[in-house]
Amino acid sequence: LISHVVIEGEAMAQQLRQLIQLNTLPELEQHRAQRILREINQHHRHKFAHFDENFVERLLNHPEVPELIRTSPLTQREWQVLGLIYSGYSNEQIAGELEVAATTIKTHIRNLYQKLGVAHRQAAVQHAQKLLKMMGYGV
């Protein structure tokens, strides 16, 4: 079952996220759905994976990186949150993925918006797209 779900990818992940958010499944099934969602995420992390520690290090050393990123760099957790925002995750989904409170995610988002000089989610996504293109990733 897990391999079939992993192959189906994002469509299945979205349905699982909705089921988990409804919180109507029995406890065992809720845990099973969360485990399957983690499996899918591990296999479909092409956007999020770009924001790992190696990527961030290469980005910060890139000659074309905006000065704002250099002078006020994001924390590793903020990079993870940016990657998940870029991948289309909601705040609640990010909190679930990173296993922290939704209020913690809001704090990370507020901080990364300030550091990036953006005011809303779509601007953060566009900023992430520019960084990925600069690093040679087709987005």
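The values are calculated or read from the model by the stated rules, or taken from the named source; none is laboratory data. All values reported here derive from a predicted model rather than from experimental measurement. Every residue, glycine as well, gets a Cβ built from its backbone with ideal geometry; the counts of neighbours run over all protein chains shown.
Of note:
- Output for the range 60-81, where each listed residue is more than 30 Å from GLN14 (Cα to Cα) and either in contact (Cβ under 8 Å) with a residue 12 or more places away in the chain or surrounded by 18 or more Cβ atoms within 10 Å (Cβ to Cβ) (or both): LEU60, HIS62, GLU64, VAL65, LEU68, ILE69, SER72, PRO73
- For TYR137, the criteria (1) in contact (Cβ under 8 Å) with a residue 60 or more places away in the chain; (2) part of a helix (DSSP H, G or I) hold in every case but one, which is (2).
- The sole residue among GLN126, GLN42, GLN34, GLN122 that is outside any loop (DSSP other than H, G, I, E, B), closer than 16 Å to ARG17 by Cα, out of contact with any Cys (no Cβ under 7 Å at 6 or more places or on another chain) and at pLDDT 85 or above is GLN34.
- Sub-6 Å Cβ pairs linking a first residue in the range 82-109 that is touching a residue at least 40 places away in the same chain (Cβ under 8 Å) to a second residue that is part of a helix (DSSP H, G or I) and basic (Lys, Arg), at least 6 apart or interchain, are GLN93/ARG17, ordered by first then second residue.
- Matching option when the condition is among the hydroxyl-bearing types (Ser, Thr, Tyr) and closer than 22 Å to ARG17 by Cβ, among TYR89, TYR113: TYR89
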